[in-house]
Amino acid sequence: MAEAETTRSDFIRDFIKEDLKTGKFEGRVHTRFPPEPNGYLHIGHAKSICLNFGLALEFGGQCNLRFDDTNPCKEDVEYVESIKEDVRWLGFDWEDRLYYASDFFEQLYEYAVKLIKREKAYVCDLPQEQMREYRGTLTEPGKDSPYRNRPVEENLDLFERMRAGEFADGARILRAKIDMAHPNLNMRDPVMYRILHSEHHRTGDKWCLYPMYDFTHGQCDSLEGVTHSICTMEFEDHRPLYDWYLENLEIYPPRQIEFARLNLTYTVLSKRKLIQLVEESYVKGWDDPRMPTICGFRRRGYTPESLREFCARIGVAKADSVVDLAMLEDCIRGDLNKHAPRVMTVLRPLRVVIENYPEDGVEELEAVNNPEDPDMGTRKVPFAKVLYIEQEDFREDPPPKFYRLSPGREVRLRYAYFIRCTDVVKDDETGEIVELRCTYDPETRGGDSPDGRKVKATLHWVSADHAVPAEVRLYDHLFTKENPGEAEEGADFKSNLNPESLQSLTAMVEPSVATAPPGTRFQFERQGYFCVDPDSSEGALVFNRTVTLRDSWAKIAKTLQ
């Protein structure tokens, strides 16, 4: 279970503190996270999860997990299970408080009957097109439906027959009777129930009559004993309807509070757009590491602690804003810097032969697992005559301020020796550099010179005979624009997809990681943070880049590309 945060302050916490002070809910704080099981959760949902469960922890209350499963056409058990997994992975526990809106279908039906009997609801036969015409606009009032004044008995009879399955989809609906001239369009006789002859993932074909979200939301909150119904800002205009249902049903009323949803640069969080990316194969599924889904972040190597820290940093507010993706990346770097073991991996190998090293010589050198955590200890790294270094760590004709390996120059190999490049071997046909010939100074074992001479660069490396080949997937932003929702005229958001969002390399990793299970995270020294992908199998390692490093080396490397 994630720990409670007790030092923060914001308008939601201020409301709760005031309610506790006045005894509004008898000293209780009870929240809920109510996802619709029609897709996978994304980083915006993580904000809501952390907020709702976090408030309950902070104020000694409870938080429910409730699936608002009122649209069987789009819902699936797959989504239900993925949502449970995501909430648990983030570190939260709903204990015995798992609910479904479908648990309350019978009670919600009785509530609807109650409103019909009180002449607060009626069965309407208007086709959808006419419904839109009758609704009016923001500046013009709507018109009453010709079915608005049906007798109570007729409404009750029709509603019962709707439940019994006598009518086709869309033939009739149940509407609340409020005010067709109300300035808030949500109050203009909203739909409460519609007919859907579709099998439900929990109730099967028991129902063909399903409540709308607006009718379900508040009543389920009330039935569960929720005190504070925390919603995103798009529900602010729905709050009068939420309160109207509770008031006219004369049932216990929770307090609804709205906050601004998360917007993130280089990211789309629209469920409709994410579904397009998956169904049209722009990505490789919901857990593609480029996706902003929680399972995508998990597969990419993000930790639950880093996502919780991100949600804590951005806080809650009323006004919409866009959070820089760099803040999220900073959270995962900070976490992995403390906990991820370091290893050496060469992404683009260049062969190096140390000519004066013994032909069959092999040494076991001591390497630090994580300088931030001495308790993580050390490991042995094999060193031999033939090595691999990064291609970009060598320049035959080095530019200014390039301090790494070049002809005649000496550099340090991490944990090993000083080496000097003496010759360059090229492919006869292409002229491509395929091998470097070097010498080493045996007096510099451990990376320091006894005579005090200095070098300006330290390179990572792996032994060619001991290195393990691995597929390394370098992920970048999925979109090229900070606001990918903005597209050129006549185009859609997919025109902003980044064609370089995934690059796959065959790298060489040190043998200490050969048996690492999926989900294991590492810092590849000087390269970034990486995670073993579930695609890995024995003898076929696959790594995902979680995030790059922030250091001067990375900046220099970028300028040389």
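The values are calculated or read from the model by the stated rules, or taken from the named source; none is laboratory data. Note that the structure is predicted; figures quoted are calculated from it, not measured. With ideal geometry, Cβ positions are generated from the backbone for all residues, glycine too; neighbour counts draw on all protein chains shown. When the accessible area is computed, the model is the full protein with side chains, heavy atoms only, and any ligands, DNA or RNA have been set aside. Shrake-Rupley method; radii C 1.70, N 1.55, O 1.52, S 1.80 Å.
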Query raised in the report: When you count, for each residue, the other Cβ atoms within 10 Å and take the mean per peptide, how do 417-425, 209-217, 147-155, 46-54 rank with the highest first?
Result: 46-54, 209-217, 417-425, 147-155
Requested in this report: Using only Cα atoms, tell me the angle between helix 213-224 and the longest principal axis of the chain; keep it within 0 to 90° and round to the nearest 10.
Outcome: 90
Requested in this report: Pull up all non-local amide H partners of A457: gap of 5 or more, or a different chain, and H-to-H distance under 5 Å with H placed in the peptide plane.
Outcome: R412
Query raised in the report: Any idea what the dipole of segment 82-143 comes to, in debye rounded to 20, about its Cα centre with Lys/Arg Cβ at +1 and Asp/Glu Cβ at -1?
Result: 360
Query raised in the report: What's log10 of I(q)/I(0) for segment 397-547 at q = 0.08, 0.09, 0.21 Å⁻¹, Debye sum over Cα points only, no solvent?
Result: -0.37, -0.46, -1.24
Requested in this report: Could you tell me the accessible area of H45 in Å² (1.4 Å probe, neighbours in place), rounded to the nearest ten?
Outcome: 40
Query raised in the report: Amide H to amide H, which residues 5 or more places from I230 or on other chains are under 5 Å from it, using H placed in the peptide plane?
Result: R32, I257
Report task. Assuming a ≥ b ≥ c are the square roots of the Cα gyration tensor eigenvalues, decide whether segment 41-183 counts as rounded (a/c under 1.5), prolate (otherwise, with a/b larger than b/c) or oblate. Result -> prolate
Report summary line: Longest principal axis of the chain (C-alpha) makes with the long axis of helix 304-314 (C-alpha) an angle, in degrees to the nearest 10, of 70
**Report entry** Where no second cysteine Cβ lies under 4.7 Å, the cysteines concerned in the chain
**Finding:** C63, C73, C124, C208, C220, C231, C295, C331, C421, C438, C531
Query raised in the report: What nm distance separates the two modelled labels at R148 and A181, each placed 7 Å from Cα along Cα→Cβ?
Result: 1.0
Query raised in the report: At what distance in nm do the modelled label points of E359 and A168 sit from each other, each positioned 7 Å from its Cα along Cα→Cβ?
Result: 8.8
Report summary line: Computed ³J(HN,Hα) along segment 372-387: with the Karplus parameters 6.51/-1.76/1.60, θ = phi - 60°, integer Hz and x for glycine or proline, the list is 7, 9, x, 5, 6, x, 10, 9, 9, 10, x, 10, 8, 5, 10, 10
Query - Surface/4 estimate of mean projected area, convex hull on alpha-carbon atoms of segment 102-154, nm² - result: 5.0
Query - On Cα atoms only, tilt of 43-58 relative to the major axis of the chain in degrees - result: 70
Query raised in the report: Taking only DSSP H segments of four or more residues, each worth -39500 (n - 2.57), what value at 222 nm results for the chain once the sum is divided by all its residues, to the nearest 500 deg cm²/dmol?
Result: -8000 deg cm²/dmol
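When a/c is below 1.5 the answer is rounded, else prolate if a/b is larger than b/c, else oblate, so apply that to segment 124-246 with a ≥ b ≥ c taken from the square roots of the Cα gyration tensor eigenvalues.
Oblate, since a/c reaches 1.5 and b/c is not below a/b.
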Query raised in the report: How big is the Rg/Rh ratio for segment 176-241, C-alpha atoms only, Rh by Kirkwood, two decimals?
Result: 1.03
**Report entry** Mean-position separation - Cα centroids, segment 144-163 and segment 520-552, in angstrom
**Finding:** 62
Query - Probe 1.4 Å, accessible area per residue of the chain, Å² - result: 46
Report summary line: Of every hundred units of 1.4 Å-probe accessible area on the chain, the number belonging to carbon and sulfur atoms, as a percent, is 46
